[in-house]
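Trainee: Please read through the structure below; I'll follow up with questions.
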Amino acid sequence: MVRRPRGRRHRGVTLIEVSVSILLVASLGSLVVGGLVSRGRQQHSIDVRELAVVEAGNLMEQLTSLSWNDLTQERLAPLMLSDNFRQALPAATWELTVEPSTEKPEAKRIGIKIEYRDRVGQPVRPVRLTSWVYRIEPLAVAPPVKVREPEEPEDPEEP
């Protein structure tokens, strides 16, 4: 005959055990949701920054393709940001500068600075891009060299 221990029998789980397990599952769920929301914010921030860097690169490419005489502060005034960029960041500000160097070789420093704000309205570190354009002197062309035709040797056998 098998003896059974005296006292209460343990059948099922208690209310405290169920409450603790629900609390643990809820805590893990809130961590996962918080991580996903944070990841979404980070991705948006990365996408906006990438858009600003690409826009600065496109502007710099346009500017460096200008001739030396056209590369002036006045010439840069009518340049505009792309429509896609203005739609994505309507409150963004930008600044273009052209500064001639005082040293040789003669050069101009082009600076682009794009400032914008995040979703909350806090300023974000600006995108800056700088390039140097050097004046290229035309190559000096030497005058053409005249080539003389070789003279025919005299025939010694002829009187």
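The values are calculated or read from the model by the stated rules, or taken from the named source; none is laboratory data. Treat the numbers as computed from the prediction; the structure is a model and nothing was measured. Neighbour counts are summed over all protein chains in view; Cβ atoms, including those assigned to glycine, are modelled from backbone coordinates with ideal geometry.
To keep it simple, each residue is scored yes or no on (1) outside any loop (DSSP other than H, G, I, E, B); (2) free of Cβ contacts under 8 Å to residues at least 60 places away in the same chain.
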site: Glu99; (1), (2): yes, yes
site: Lys104; (1), (2): no, yes
site: Val120; (1), (2): no, yes
site: Ser131; (1), (2): yes, no
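Trainee: Please find, among Leu81, Leu89, Leu31, the residue that is farther than 20 Å from Pro123 by Cβ and modelled with pLDDT under 90.
Mentor: Just a single option satisfies the conditions, and that option is Leu31.
Trainee: Filter the stretch 31-73 down to the residues that are aliphatic (A, V, I, L, M) and touching a strand residue (DSSP E or B) at 6+ places or on another chain (Cβ under 7 Å), then identify the one that is surrounded by the fewest Cβ atoms within 10 Å (Cβ to Cβ). If you could, list the steps in order and put the result at the bottom.
Mentor: At the first step, the residues of the stretch 31-73 found to be aliphatic (A, V, I, L, M) are 31-33, 36-37, 46, 48, 51-54, 56, 59-60, 63, 66, 71.
Narrowing further to those that are touching a strand residue (DSSP E or B) at 6+ places or on another chain (Cβ under 7 Å): 52-53, 56, 59-60, 63, 71.
Working: Ala52: 23, Val53: 14, Ala56: 20, Leu59: 22, Met60: 17, Leu63: 22, Leu71: 18.
Result: Val53.
Trainee: A follow-up question, please. Considering Leu71, Leu76, which residue is hydrophobic (A, V, I, L, M, F, W, C) and without any contact (Cβ under 8 Å) to a residue 60 or more places away in the chain?
Mentor: Leu76
Trainee: Which one is surrounded by the fewest Cβ atoms within 10 Å (Cβ to Cβ), of the residues in the stretch 76-89 that are farther than 13 Å from Leu51 by Cα and out of contact with any helix residue (DSSP H, G or I) (no Cβ under 9 Å at 6 or more places or on another chain)? Quick ask: steps written out before the conclusion?
Mentor: To start, the set of residues in the stretch 76-89 that are farther than 13 Å from Leu51 by Cα comprises 76-80.
Then keep just the ones that are out of contact with any helix residue (DSSP H, G or I) (no Cβ under 9 Å at 6 or more places or on another chain); that gives 77-78.
Working: Ala77: 8, Pro78: 6.
Filtering the stretch 76-89 for residues that are farther than 13 Å from Leu51 by Cα and out of contact with any helix residue (DSSP H, G or I) (no Cβ under 9 Å at 6 or more places or on another chain), the one surrounded by the fewest Cβ atoms within 10 Å (Cβ to Cβ) comes out as Pro78.
Trainee: Also, I was wondering about something else. Would you check which residues across the stretch 41-70 are of a type outside the set (D, E, K, R) and under 21 Å from Pro123 (Cβ atoms) and list them? So that I can check it myself, show each step before the final result.
Mentor: Here is the first cut: in the stretch 41-70, the residues of a type outside the set (D, E, K, R) are 42-46, 48, 51-54, 56-60, 62-69.
Result: Gln42, Gln43, His44, Ser45, Ile46, Val48, Leu51, Ala52, Val53, Val54, Ala56, Leu59.
Trainee: Restricting to the stretch 74-97, what's the tally of residues that are closer than 30 Å to Arg135 by Cβ and either basic (Lys, Arg) or in contact with an Asp or Glu (Cβ under 9 Å, 6 or more places away or on another chain) (or both)? Please lay out each step first, then the result.
Mentor: Step one: list which residues in the stretch 74-97 are closer than 30 Å to Arg135 by Cβ, which gives 74-82, 94-97.
So of that shortlist, the ones also either basic (Lys, Arg) or in contact with an Asp or Glu (Cβ under 9 Å, 6 or more places away or on another chain) (or both) come out as 75, 81-82, 94-95.
Of the residues in that region, 5 qualify.
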